[in-house]
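Shown next, in structure tokens, is the structure this report addresses.
Each reported figure results from applying straightforward, stated rules to the coordinates on display, with no laboratory input. Values in this document were obtained by computation on a predicted structure and should not be read as measured data. Cβ sites come from the backbone with ideal geometry, for glycine too, and all protein chains shown count toward neighbours.
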Amino acid sequence: MERVHVSNHPLILHKLSLLRDANTKPKKFRELVRELAILLAYEATADLALESVDVITPMGEARGHTLKEKIGLVPILRAGLGMVEGIWEMMPGAEAWHIGLYRDERTLRPVEYYNKLPVDPTVQVCLILDPMLATGGSAVATVDILKKWGAQRIKFVGIIAAPEGIKALTEAHPDVDIHVAAVDDHLNEIGYIVPGLGDAGDRQFGTG
Ligand code: PRP
Ligand code: URA
């Protein structure tokens with residue numbers, strides 16, 4: 001479980017509680033998803049490789065750094081969309097590649113409906129963005145897609161995970177780092193995380 005990182009940052013824990021609150025309306029919910037995504041991505045990118053560069057300041061020359069690898073942001077539609085913009089502002093050189101999956105309500109298995117990855121990989125590090133890791137089916141399927149594409153390093157950045165999702169993702173892909181704000185108690189009989197926050201897509205987009 002050394003690849004599972006559950007944040008204990010006070011800002012993340014504070015915002016997570018606001019996000020969970022059933023009284024939080026979609027506008028505030030979207031703001032919180034955006035802010036949590038930035039904070040979680042900050043933690044998830046602490047080991048990115050750097051290259052040395054020389055920078056000319058108004059006062060002379062300084063040794064500096066530049067990111068060595070190209071980063072791909074891979075939101076899982078729909079709910080992962082709300083995690084993109086904030087992170088992208090922090091790393092404007094990133095590329096965004098969308099994967100469309102929804103869970104079949106009966107089987108809880110992911111169904112792919114959108115994938116616009118180019119033939120060859122264009123990035124070295126992929127951050128999969130999805131607020132919820134429930135059964136883990138969607139995350140496992142996305143890692144499968146990215147590995148088949150040729151992605152070299154993959155990290156999952158989520159907000160709330162169920163123990164079942166952590167188990168499924170670590171067993172299927174033990175090389176993938178998982179960064180979340182919380183690991184909750186269990187999944188209910190219809191595959192929702194308890195206590196969780198309900199339906200992350202519906203709460204962001206005001207549907208359902
Ligand atoms: C939710 C969530 C994840 C998935 C997690 O998406 O955003 O993608 O469920 O569940 P899993 O770990 O059991 O696969 P959903 O299928 O509700 O689609 P949506 O984002 O379009 O609402
Ligand atoms: N998807 C959600 O949006 N919420 C859950 O609790 C599980 C899957």
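Below, the figures for the structure above:
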item	result
Qualifying strands (runs of 3 or more DSSP E) (wholly inside segment 22-127; at least 2 residues being more than 26 Å from Ile145 (Cβ to Cβ))	50-57, 60-67
Residues of segment 167-182 classified as within 13 Å of ligand 1 (Cβ to nearest atom) and either surrounded by 22 or more Cβ atoms within 10 Å (Cβ to Cβ) or not in a helix (DSSP H, G or I) (or both), total	3
Checklist (1) under 19 Å from Ile76 (Cα atoms); (2) assigned to a helix (DSSP H, G or I); (3) more than 11 Å from ligand 1 (Cβ to nearest atom); (4) not aliphatic (A, V, I, L, M) applied to Lys155, failing item	(2)
Among the residues listed as Gly100, Gly137, the single one being closer than 29 Å to Arg20 by Cα and surrounded by fewer than 22 Cβ atoms within 10 Å (Cβ to Cβ)	Gly100
Enumeration of residues in segment 183-208 that are in a strand (DSSP E or B) and not hydrophobic (A, V, I, L, M, F, W, C)	His186
Check on Gly206, surrounded by fewer than 16 Cβ atoms within 10 Å (Cβ to Cβ), touching a Pro at 6+ places or on another chain (Cβ under 7 Å) and more than 20 Å from Thr107 (Cα to Cα)	yes
